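Everything below concerns the one structure shown next.
The values are calculated or read from the model by the stated rules, or taken from the named source; none is laboratory data. Since the structure is predicted, the reported quantities are computational estimates derived from the model, not experimental observations. Note: ideal-geometry Cβ built from the backbone for every residue, glycine included; neighbour counts use all protein chains shown. Remember, those area values only see protein heavy atoms, side chains included, never the ligands or the DNA or RNA. Shrake-Rupley method; radii C 1.70, N 1.55, O 1.52, S 1.80 Å.
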Amino acid sequence: MTQFERNQIRSRLYRLELDEQFVERYLAKLDRNCECYAMACRTIDRWEKPDPAATVLQALVCGLLAAGFGAWLALVG
């Protein structure tokens with residue numbers, strides 16, 4: 001893997017807000033396993049950056065559904 005490709009991988013990992021120690025360990029792992037640039041990019045592209053807004057929205061929707069279901073049970077029962 002060329003230095004340019006290593007820098008591209010490093011950039012992709014930093015966009016996921018990973019720390020320097022993890023980036024160095026991951027690059028060392030790629031070297032140990034003799035993985036090519038394309039394979040490393042495919043692997044990194046499958047990782048997702050967690051979206052806190054989506055998590056909060058999901059919790060609110062679940063809460064509303066639970067409240068609605070609870071109210072329906074109270075009216076039926």
Item to complete: Could you provide, to the nearest whole Å², the per residue accessible area of the chain with probe 1.4 Å?
Response: 77 Å²
Discussion item. Restricting to DSSP loop positions (anything but H, G, I, E, B) with no more than 14 other Cβ atoms inside 10 Å of their own Cβ, which chymotrypsin sites (Phe, Trp or Tyr not before Pro) remain in region 1-69?
Written reply: W47
Worksheet item: Quick one: if the Förster radius is 35 Å, what FRET efficiency do A67 and E17 give, using the C-beta to C-beta distance and rounding to 0.05?
Response: 0.55
Worksheet item: Among A28, L75, L60, whose Cα lies farthest out toward the positive end of the dipole of the chain, if unit charges sit on the beta carbon of Lys, Arg (+1) and Asp, Glu (-1)?
Response: A28
Worksheet, complete the sentence: R42 and L27 label points (each 7 Å along its Cα→Cβ direction) are spaced in nm at 2.4 nm
Worksheet item: Which is the longest run of the chain containing none of the GluC sites (Glu not before Pro) found in DSSP loop states (not H, G, I, E, B) with at most 11 other C-beta atoms within 10 Å?
Response: 18-47
